[in-house]
Amino acid sequence: MASPALQSLLATLAASHVEVIVVGGLAAVAQGAPITTHDLDIVPRRTAENIARLVAVLLDLDARYRGHADVKRPTEAILIGKGHSLLMTSSGPLDVLGEIEGQRDYDVLLPDTIEIQIGGNPIRVLKLETIVAIKRQSKHPKDQRMLPVLEAALKGTPR
């Protein structure tokens with residue numbers, strides 16, 4: 001389950017035609033996993049045009065870095081890289097990830113996504129089976145605790 005604020009954040013990205021892949025808990029929720037998530041994790045397509053659209057949306061959402069008061073706002077120069085930007089927006093926490101486990105960026109992940117509609121606009125989410133595969137390889141306790149729930153959801157998901 002995701003808060004209305006996170007759903008709004010996702011809808012804003014979709015309506016702004018920012019090319020992203022939703023990769024975290026919200027991707028699993030969108031595919032029927034009965035979990036709760038408190039942030040939105042995305043991997044954006046790292047082209048100059050797309051990152052410019054993303055920065056424009058982030059500025060509209062008053063995005064600021066969590067825990068780093070010395071870094072003012074996300075910029076195109078920062079977001080075009082492979083690193084992580086952990087942000088707080090007016091609609092809630094947003095993690096902008098240049099790539100995820102295994103150096104997988106937008107282009108590498110794209111074949112492992114499905115398209116869903118948010119407010120009549122398309123957005124890509126990482127397939128539940130890929131999320132499960134990543135969690136199986138993870139050593140993080142949080143991922144290991146969530147794995148049985150995600151695996152059960154995957155068994156109930158049509159392929």
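Give me the number: length gained by fully extending Lys82 to Ser3, i.e. 0.36 nm times residue separation minus the C-alpha to C-alpha distance, one decimal in nm.
Extra length available between Lys82 and Ser3 comes to 25.7 nm.
Of the residues Asp39, Asp107, the one with the fewest other Cβ atoms within 10 Å heads the list, and the complete ranking is Asp107, Asp39. One chain, two ends: Lys155 and Thr36. Fully extended at 0.36 nm per residue, the span grows by 41.0 nm beyond their Cα-Cα distance. Full extension of the chain between Gln137 and His68 yields a length gain of 21.9 nm, computed as 0.36 nm times the residue separation minus the alpha carbon distance. Scalar couplings 3J(HN,Hα) for region 132-148, obtained by applying the Karplus form with A = 6.51, B = -1.76, C = 1.60 to θ = phi - 60°, are 4, 4, 5, 5, 4, 7, 6, 9, 5, x, 4, 5, 5, 5, 7, 3, x Hz; x denotes Gly and Pro.
Per-residue 3J(HN,Hα) values for region 42-53, derived from phi via the Karplus relation 6.51 cos²θ - 1.76 cosθ + 1.60 with θ = phi - 60°, read 10, 10, x, 5, 9, 10, 4, 5, 5, 5, 4, 5 Hz in sequence order (x marks Gly and Pro).
Residues whose amide H lies under 5 Å from that of His84, counting only those 5 or more places away or on a different chain, are Gly98; hydrogens are built 1.01 Å from N in the peptide plane. Taking every alpha-carbon pair under 8 Å whose residues sit at least 6 apart, region 4-149 reaches a relative contact order of 28 percent. Considering only beta bridges that DSSP places wholly inside the chain, some 75 percent are antiparallel. Distances between placed amide hydrogens fall under 5 Å for Asp95 paired with Leu40, Asp41, Ile42, Leu87, all partners being 5 or more residues away or on another chain.
From least to most packed, judged by other beta carbons within 10 angstrom and beginning with the fewest, Val108, Val23 follow the order Val108, Val23. Total lysine pairs in the chain at Cα distances under 26 Å, for residues eight or more apart or on different chains: 12. Of the residues Leu59, Val149, Val18, the one whose Cα sits farthest towards the positive end of the charge dipole of the chain is Val149 (charges of +1 on Lys and Arg Cβ, -1 on Asp and Glu Cβ, taken about the Cα centre).
Values quoted throughout were computed directly from the atomic coordinates according to the rules given, and no laboratory measurement underlies them. The structure displayed is predicted, hence computed values, not measured ones. FYI the Cβ positions are ideal-geometry reconstructions off the backbone, even for glycines, and counts take in every protein chain you see.
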